[in-house]
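Trainee: I'd like to ask you about the structure that follows.
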Amino acid sequence: MPTWIIILLTTMGILIVCKFLFAFSLVSVFPITQGAMFHPSAKVKVRTFLDHVPMNAGDLLVDVGCGDGRVLRAAKRRYGVRALGFEVNPLAYMLARLRTIGLEGIEVRFKNFWNVNVGDADVVFCYLFPDVMGRLAHKLERELRPGTRVISCNFPLPGWRHRELLYPESPIHADPIYLYQIPALSPHPGGRCTCNPDWPRSHNA
């Protein structure tokens, strides 16, 4: 058999396997993602986020749906943060693990973040399907500490007011990036502390 035919058949076989793996990764997590596809954050979006959200070394960045881990890696390189990502897509998870091999301070978990309390986070990054943003807003409101910053690419958190609205300098990836911050606690007349009664309107204060 001619060499070129062997090469062609091998290439076609690899492409078929890749398509199968991609389809399997979508179907296997459909009950969780509701059809949302693995879509890596554009580099210009990641750079815009990091330019406007400074962090201290040792801060905990949580990416709830980290894809191939590029946000985790970029934040670790620039600020020396502790980076924790959650991913349920098998293909994306494998890519994230491969690309973070040997990088200390970065952890990628093959786990559904809905089942994890993210209250230790200093910064939460998300790039999720719009249908889940309402549920995410309630989860973060319950779990996050005052002062925690939340960054959402493309889609707003319903009922929350952003502190800042960012637009990447790109003709292709110019979708908005929403920056929120959990408001401070308000002292209760009886000596207890309760959430700011203006929540979530206080996000623009």
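Nothing in this text is a laboratory measurement; each read-out follows from the coordinates by a stated rule. Owing to the predicted nature of the structure, the values given are computational and were not obtained by experimental measurement. Neighbour counts are summed over all protein chains in view; Cβ atoms, including those assigned to glycine, are modelled from backbone coordinates with ideal geometry.
Trainee: Can you list residues whose amide H is under 5 Å from Glu164's amide H, if they're 5+ apart or on another chain and H is modeled 1.01 Å from N?
Mentor: Leu179
Trainee: While we're here: Where does each of Leu50, Leu103 land when they are ranked from fewest to most other beta-carbon atoms within 10 angstrom? Numbers along the way, then the final one.
Mentor: Values: Leu50 18, Leu103 14.
The order, fewest Cβ neighbours first, is Leu103, Leu50.
Trainee: Moving on. Considering amide H positions built from the backbone, and no H for Pro or chain starts, which residues 5 or more places from Asp63, or on another chain, come under 5 Å of its amide H?
Mentor: Leu84, Gly85, Phe86, Phe125
Trainee: Hey, which aspartates and glutamates would be in cross-link range of Lys76, C-alpha to C-alpha under 15 Å, not counting anything within fewer than 8 residues on its own chain?
Mentor: The reachable aspartates and glutamates, counting only those whose Cα sits under 15 Å from Lys76, are Asp51, Asp59, Asp63, Asp68, Glu104, Glu107, Asp122.
Trainee: Hey, another quick one. Please work out how much length the chain gains when fully extended from Arg135 to Lys43, using 0.36 nm per residue of separation minus the C-alpha to C-alpha distance, in nm with one decimal. Please report the intermediate quantities before stating the final value.
Mentor: Numbers: separation 92, 0.36 × 92 = 33.12 nm, distance 2.71 nm.
Working it through step by step, the gained length comes to 30.4 nm.
Trainee: If you don't mind, another one. Arranged by the count of other C-beta atoms within 10 angstrom, fewest first, what order do Asp68, Asp122, Asp51 take?
Mentor: Asp51, Asp122, Asp68
Trainee: If you don't mind, there's one more thing I want to ask. Determine the gain in length on full extension of the stretch Lys111-Leu98; use 0.36 nm per residue of separation and subtract their C-alpha separation, reporting nm with one decimal. All intermediate terms of the calculation are to be shown ahead of the outcome.
Mentor: Numbers: separation 13, 0.36 × 13 = 4.68 nm, distance 1.67 nm.
Going from the current span to full extension adds 3.0 nm.
Trainee: A follow-up question, please. Apply the Karplus parameterisation 6.51 cos²θ - 1.76 cosθ + 1.60, with θ equal to phi minus 60°, to every residue of segment 46-60 and state each ³J(HN,Hα) to the nearest whole Hz, in sequence, with x for glycine and proline.
Mentor: 3J(HN,Hα) across segment 46-60, in whole Hz: 4, 5, 4, 4, 5, 5, 9, 10, x, 9, 9, 4, x, 4, 9.
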